[in-house]
Amino acid sequence: MKHTKCYIPEYPRPQFVRADWQNLCGEWDFGFGEETSEKNALDGKLSRKIIVPFSYQSKASGIGLEEHHALVWYSRKISGKPGKRTVLNIDGADYETSVFVNGRLVGTHVGAYSRFSFDITDFLAGEDNILTIRCSDDNHPIQVRGKQRWENHNFGCWYVETTGIYKSVWLEYVDDVYLTNLKITPSIKDYSVRFDFAVNKPSHDIEVKFAISYDGKPICSARVSADDVDNGVSLRLDSRELTYQVEHWSVGNPVLYDVDITVYNNDEPVDSVGSYFGLREYVTKDDKIMLNNVPFYARLVLDQGYWPESGLTPPSEEAIINDIMLSKEMGFNGARKHQKVEDERYFYYADILGFTVWCELPSNHWASDKASKHITREWLDIVTQNYNHPSLVTWVIFNESWGVRNIMVNPEQSNLATGLYYLTKSIDSMRPVISNDGWMHAKSDILTLHHYEQDGEKLYSFYDDIYKLVEGDITGYQHLPYANGYEYEGQPIIMSEFGGTAYVGETNDVCWGYGNGVANDDEYIERLTSLVEAIKRMNISGYCYTQITDVEQEVNGVLRADRTPKVALEHIKKINS
């Protein structure tokens, strides 16, 4: 595995890397809201211990209680660095988070799936400071919550909720002037890359240098002013240093360019950031998906990113790598990350290993104006934060009308889906956007279908003439492909959920999958072969099989929850070939 130049083990933000940082993950003091007062919490007097970044519901946290608590507290000692500013980063905390330093409120963030940061320098006093974090988590379905249950027990395909900190918490130390934003947009049309960037204190005295290299060879550089709140520069990438002028990122050849970024204040270097990018284009053209101007057939696996011991939090960096490698070994060329925005290190390893990823907004399950505001704010943060990763190829806004249950006939809900489609496009014109994955699409770049029929021939019979489907002639199937007022415009079609076959022969627990389960290896392989072959016979652009692993009560993974295979991986690879 070849890492990027900027790689630091366990670093939480791999496309915006600073060497001067401190990981705050590990043991913290912890308490439930009903067992402690705010005064004791702010003084760091909490009765329990927890291992951050694991939620208290998970065994990895050291607590492992699945009961709902609406309020939790965290506390630990921290220190700053003389002559440096201290920035606190929280990569994910569910749902409303307030940060205190030495008893003073620093700031509050609402939402579970995007990183947020606070400059806490002015709140620090000496070497020993008390950092306190309060998280409140209402289990109402109006929240953006994905597959987290909102009842006090698991039901259907909803699982134990995640409350509080569940991603990395860390400090970075910077000078008074530093880089705050970096958007990287490569173009294969003219072999160029554009950097949009910002610093915290724009001035005519501030300049930023971008130095691009490939495999250790300098390619190009530019030094430009950072005198405005938003700044930008474009650089040509074609170079005599490379045999073919440029190198393209693809699944089979995941090559990356390194970027060294230096901020200068009055010609003195004050900040240094490492980054990287891939030169690639993933677009829809007529009824095909194109990767670097070549038709790309998507062989995706649905991946909900749960682990038995740690819930939504990867137990280690090695666990992230393992999931991607297992997917590739089974012949999948990408994953639809379902109802979860994954740890950013997942995207990093997908970047360097050559694995495409669909990024999806975790759903709310209640339509209202308040929900629309929360969805919009959090989704735009998600898109902005993950934009630079070349492995991320598709944005998915809604799934199966969750949160917009009446989208078929309610123009407010279809307008929300279409509005978010265009808002996403206003930030990112590089990637396809899907407004409502599975059915009842509003404006969408790909037509996606979900169908869990377990007989391959019967499944094929619904789609033997794909154009009958898009015209609404789908006798025997419950959902129309488009909401009222929208129609098929010749987009690529992907069966983005199918299969879900339950392997019930090895468990007596309460469990479920789709249709009648299978009892042994032979039945399982026969069922998967039948379903995948049916998809391959359709005139479409790919599929996404449900799913990579069992999750809590679901036993419809091709792997068990502990990542051990149910059948030999070569059988799955042969089916996908």
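Residues to consider are ARG223, ARG299; find the one that is among the basic types (Lys, Arg), over 28 Å from the mean Cα position of the chain (by Cα) and more than 19 Å from MET430 (Cβ to Cβ). Steps first, please.
On the way: ARG299 fails: over 28 Å from the mean Cα position of the chain (by Cα).
Result: ARG223 is the single residue among ARG223, ARG299 that is among the basic types (Lys, Arg), over 28 Å from the mean Cα position of the chain (by Cα) and more than 19 Å from MET430 (Cβ to Cβ).
Kindly establish whether ALA519 is surrounded by fewer than 17 Cβ atoms within 10 Å (Cβ to Cβ), farther than 30 Å from VAL433 by Cβ and of a type in the set (A, V, I, L, M, F, W, C). So ALA519 fits the description; yes. Taken as a whole, the condition of being at pLDDT 95 or above, hydrophobic (A, V, I, L, M, F, W, C) and surrounded by fewer than 21 Cβ atoms within 10 Å (Cβ to Cβ) applies to LEU353. Among the residues that make up the stretch 115-122, is at least one of them farther than 24 Å from ARG13 by Cβ, at pLDDT 95 or above and not in a loop (DSSP other than H, G, I, E, B)? Checked the stretch 115-122: no residue is farther than 24 Å from ARG13 by Cβ, at pLDDT 95 or above and not in a loop (DSSP other than H, G, I, E, B).
Residues checked against (1) in contact with a Phe, Trp or Tyr (Cβ under 6 Å, 6 or more places away or on another chain); (2) within 11 Å of TYR214 (Cβ to Cβ); (3) buried (at least 19 other Cβ atoms within 10 Å of the Cβ):
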residue	(1), (2), (3)
LEU237	yes, yes, yes
TYR244	no, no, no
TRP249	no, no, yes
TYR257	yes, yes, yes
THR262	no, no, no
ASP267	no, no, no
VAL270	no, no, no
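The set of residues in the stretch 331-347 that are within 19 Å of LEU528 (Cα to Cα) and crowded, with 23+ Cβ neighbours inside 10 Å comprises PHE332, GLY334, ALA335, ARG336.
Of all the criteria given as (1) surrounded by 20 or more Cβ atoms within 10 Å (Cβ to Cβ); (2) closer than 30 Å to GLY557 by Cβ, the one not satisfied by ASN152 is (1).
Residues in the stretch 36-56 that are crowded, with 24+ Cβ neighbours inside 10 Å, of a type outside the set (Phe, Trp, Tyr) and in a loop (DSSP other than H, G, I, E, B): PRO53, SER55. Filtering the stretch 395-419 to residues that are free of Cβ contacts under 8 Å to residues at least 60 places away in the same chain and under 17 Å from the mean Cα position of the chain (by Cα) leaves TRP395, ILE397, PHE398.
Considering only residues that are assigned to a helix (DSSP H, G or I), within 21 Å of VAL255 (Cβ to Cβ) and not hydroxyl-bearing (Ser, Thr, Tyr), which ones fall in the stretch 308-353?
Within the stretch 308-353, the subset assigned to a helix (DSSP H, G or I) is 317-329, 344-353.
Retained after the next criterion (residues that are within 21 Å of VAL255 (Cβ to Cβ)): 320-321, 324-325, 327-328, 344-353.
Across the stretch 308-353, the qualifying residues are ILE320, ILE321, ILE324, MET325, LYS328, GLU344, ARG345, PHE347, ALA350, ASP351, ILE352, LEU353.
Selection of first residues in the stretch 164-182 that are under 13 Å from PHE116 (Cβ atoms) and of second residues that are at pLDDT 95 or above and of a type in the set (Asp, Glu), restricted to Cβ pairs under 6 Å at least 6 apart or on distinct chains, gives the following pairs, ordered by first then second residue: LYS167/ASP91; SER168/ASP91.
Would you say ILE382 is within 28 Å of PRO186 (Cβ to Cβ), assigned to a helix (DSSP H, G or I), under 18 Å from the mean Cα position of the chain (by Cα) and not acidic (Asp, Glu)?
Values: within 28 Å of PRO186 (Cβ to Cβ): yes; assigned to a helix (DSSP H, G or I): yes; under 18 Å from the mean Cα position of the chain (by Cα): yes; not acidic (Asp, Glu): yes.
Taking the combined requirement at face value, the residue satisfies it.
Inside the stretch 203-219, can you point out the residues that are surrounded by fewer than 17 Cβ atoms within 10 Å (Cβ to Cβ), more than 31 Å from the chain's Cα centre (by Cα) and not small (Gly, Ala, Ser)?
Of the residues in the stretch 203-219, the ones surrounded by fewer than 17 Cβ atoms within 10 Å (Cβ to Cβ) are 203-205, 209, 211, 215-218.
Okay, now just the ones that are also more than 31 Å from the chain's Cα centre (by Cα), so 203-205, 217-218.
If the condition is that a residue be surrounded by fewer than 17 Cβ atoms within 10 Å (Cβ to Cβ), more than 31 Å from the chain's Cα centre (by Cα) and not small (Gly, Ala, Ser), then HIS204, ASP205, LYS217, PRO218 are the ones that fit.
Taking the stretch 196-256 as the region of interest, the strands (runs of 3 or more DSSP E) fully inside it that hold 2 or more residues being assigned by TED's automatic domain parsing to the domain that holds THR185 and without any contact (Cβ under 8 Å) to a residue 40 or more places away in the chain are 217-225, 231-236. ARG149 satisfies every condition listed in (1) in the same structural domain as ILE63 (by TED's automatic domain parsing); (2) at pLDDT 95 or above except (2).
Answer yes or no as to whether THR185 is closer than 30 Å to ALA298 by Cα, modelled with pLDDT of 95 or more and within 29 Å of the chain's Cα centre (by Cα). So THR185 fits the description; yes. Do we find a residue being under 30 Å from VAL270 (Cβ atoms), in contact with a Lys or Arg (Cβ under 8 Å, 6 or more places away or on another chain) and crowded, with 22+ Cβ neighbours inside 10 Å anywhere in the stretch 14-33? Yes, because at least one residue in the stretch 14-33 is under 30 Å from VAL270 (Cβ atoms), in contact with a Lys or Arg (Cβ under 8 Å, 6 or more places away or on another chain) and crowded, with 22+ Cβ neighbours inside 10 Å. If you go through the stretch 563-577 and keep only what is in contact with a helix residue (DSSP H, G or I) (Cβ under 6 Å, 6 or more places away or on another chain) and under 28 Å from LEU312 (Cβ atoms), you end up with VAL567, LEU569. Among the residues of the stretch 385-399, the ones that are among the small types (Gly, Ala, Ser) and part of a strand (DSSP E or B) come to 0 in all.
Looking only at the stretch 372-406, residues that are touching a His at 6+ places or on another chain (Cβ under 9 Å), more than 24 Å from GLY334 (Cα to Cα) and surrounded by 17 or more Cβ atoms within 10 Å (Cβ to Cβ) come to 1 in all.
The values are calculated or read from the model by the stated rules, or taken from the named source; none is laboratory data. No experiment lies behind these values; they were computed from the predicted model shown. Neighbour counts are summed over all protein chains in view; Cβ atoms, including those assigned to glycine, are modelled from backbone coordinates with ideal geometry.
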